[in-house]
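The values are calculated or read from the model by the stated rules, or taken from the named source; none is laboratory data. The structure presented is a predicted model; accordingly, all values stated were derived computationally and were not measured. A quick note on method: Cβ atoms are made from the backbone with ideal geometry, for glycine too, and the neighbour counts reach across all protein chains shown.
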Amino acid sequence: MSKSKLRIKILNLRKKNSYKKLSLYQYRIYQFLKKNKISFKYVGGYYPCNHEIDDLGMLNFLRNKRANISLPIIRENNQMDFFEWTNKDPLKINKYGIAEPTLGKKIYPDIIFVPLVAYDYDLNRLGYGGGFYDRYLEKISKIKKIFKIGLGFSYQEIKKVPINKHDKKLDLIVTEKKIIQ
């Protein structure tokens with residue numbers, strides 16, 4: 001199945017199941033990061049939309065553990081960067097209908113929470129098709145090592161995500177049922 005047909009299928013499924021709540025295993029993720037000595041001083045998240053997993057609880061949990069939280073801003077030439085954000089800071093809606101910070105300091109996250117449309121057990125992710133996260137992950141990998149955590153529901157798992165040379169693998173996927181590493 002093509003990426004675009006797969007996206008439509010999974011997004012429709014996600015829309016029908018949006019009433020389901022996901023426990024992001026906040027403490028389990030935190031313990032995993034601590035146990036594996038993965039820095040989370042700077043955390044990149046996203047403001048959920050389009051029935052995505054709501055990562056705001058996890059971001060607040062990590063903020064309480066002294067993490068600096070950031071959200072993405074889409075810039076010229078479809079480039080993305082992360083900027084410091086607290087839940088008291090204003091947001092604006094960008095041209096894609098996504099909430100993003102209005103002010104703040106540019107951050108290079110140590111870990112990043114990545115929304116996904118579908119995933120497989122090989123830690124491949126199918127996104128929305130714009131390549132924003134893949135381009136960002138390529139760019140930041142030249143600056144520092146970043147730990148990539150995909151967030152999704154178990155029903156978004158597929159046998160094999162169709163990938164190309166630009167697609168970036170995740171380091172961890174968290175669903176309401178399991179953690180895949």
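Couple of notes before you dig in:
- Out of Tyr136, Tyr155, one residue alone is outside any loop (DSSP other than H, G, I, E, B), crowded, with 16+ Cβ neighbours inside 10 Å, at pLDDT below 95 and not acidic (Asp, Glu). It is Tyr155.
- Taking residues in the stretch 129-147 that are touching a residue at least 60 places away in the same chain (Cβ under 8 Å) and among the charged types (D, E, K, R), and partners anywhere that are surrounded by fewer than 16 Cβ atoms within 10 Å (Cβ to Cβ) and assigned to a loop (DSSP other than H, G, I, E, B), the pairs with Cβ atoms closer than 8 Å and at least 6 places apart or on different chains are Lys139/Gln79.
- Candidate set: the stretch 169-180, residues that are in contact (Cβ under 8 Å) with a residue 40 or more places away in the chain and either surrounded by fewer than 13 Cβ atoms within 10 Å (Cβ to Cβ) or charged (D, E, K, R) (or both); chosen: the one farthest from Tyr27 (Cα to Cα): Lys169
- Hits in the stretch 21-55 - residues which are surrounded by 15 or more Cβ atoms within 10 Å (Cβ to Cβ), closer than 20 Å to Phe153 by Cα and among the hydrophobic types (A, V, I, L, M, F, W, C): Leu22, Leu24, Ile29, Phe32, Ile53
- Residue match in the stretch 167-175 (condition: touching a helix residue (DSSP H, G or I) at 6+ places or on another chain (Cβ under 7 Å) and more than 25 Å from Lys41 (Cα to Cα)): yes
- Consider the stretch 100-128 and keep the residues that are in a strand (DSSP E or B) and either free of Cβ contacts under 8 Å to residues at least 40 places away in the same chain or surrounded by fewer than 15 Cβ atoms within 10 Å (Cβ to Cβ) (or both). The one that is farthest from the chain's Cα centre (by Cα) is Lys106.
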